[in-house]
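*Asks:* One structure coming up, written as structure tokens, with questions to follow.
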Amino acid sequence: MERIVKIHVEKLPEGFYLATSDDIQGLVAQGRTVAETLEIARDVARRLLEAQKERKGSMKLQPLKKSFGMQLVVGN
């Protein structure tokens, strides 16, 4: 089942991007582009959720709805 995880992405002074989440404790991902950072964050989130489920059950995350808003990053 797909769930929504809120991610915060910031550009670091070194030029890399850093993603963290208040929804999943321990989620930290870094990449050269926003797309790469989000891809890494998705993989980290999956692994953290699997580990959490094995230890004490699943986290309470918002279920994916049929329609939702989001921001799209477009380069120039």
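The values are calculated or read from the model by the stated rules, or taken from the named source; none is laboratory data. Note that the coordinates shown come from a computational prediction; the quantities given were computed from them, not determined experimentally. Here the Cβ is made from the backbone with ideal geometry for all residues, glycine too, and neighbour counts use every protein chain on show.
*Asks:* Only one of these is under 22 Å from residue 15 (Cβ atoms), at pLDDT 90 or above and either surrounded by 11 or more Cβ atoms within 10 Å (Cβ to Cβ) or of a type outside the set (Phe, Trp, Tyr) (or both): 41, 45. Name it. Working first, answer last.
*Replies:* Numbers: 45 fails: under 22 Å from residue 15 (Cβ atoms).
Just one listed residue meets the conditions, 41.
*Asks:* Of all residues in the stretch 1-38, which are surrounded by 14 or more Cβ atoms within 10 Å (Cβ to Cβ), without any contact (Cβ under 8 Å) to a residue 24 or more places away in the chain and not in a loop (DSSP other than H, G, I, E, B)?
*Replies:* Those that are surrounded by 14 or more Cβ atoms within 10 Å (Cβ to Cβ), without any contact (Cβ under 8 Å) to a residue 24 or more places away in the chain and not in a loop (DSSP other than H, G, I, E, B): 17, 18, 19, 20, 29, 30, 31, 36.
*Asks:* Residues of the stretch 6-26 being at pLDDT below 95 and over 18 Å from residue 73 (Cβ atoms), which ones?
*Replies:* Those that are at pLDDT below 95 and over 18 Å from residue 73 (Cβ atoms): 22, 23, 24, 25, 26.
*Asks:* Now, a different point. Please specify each residue of the stretch 1-47 satisfying the condition of being over 22 Å from residue 68 (Cα atoms) and touching an Asp or Glu at 6+ places or on another chain (Cβ under 6 Å).
*Replies:* 18
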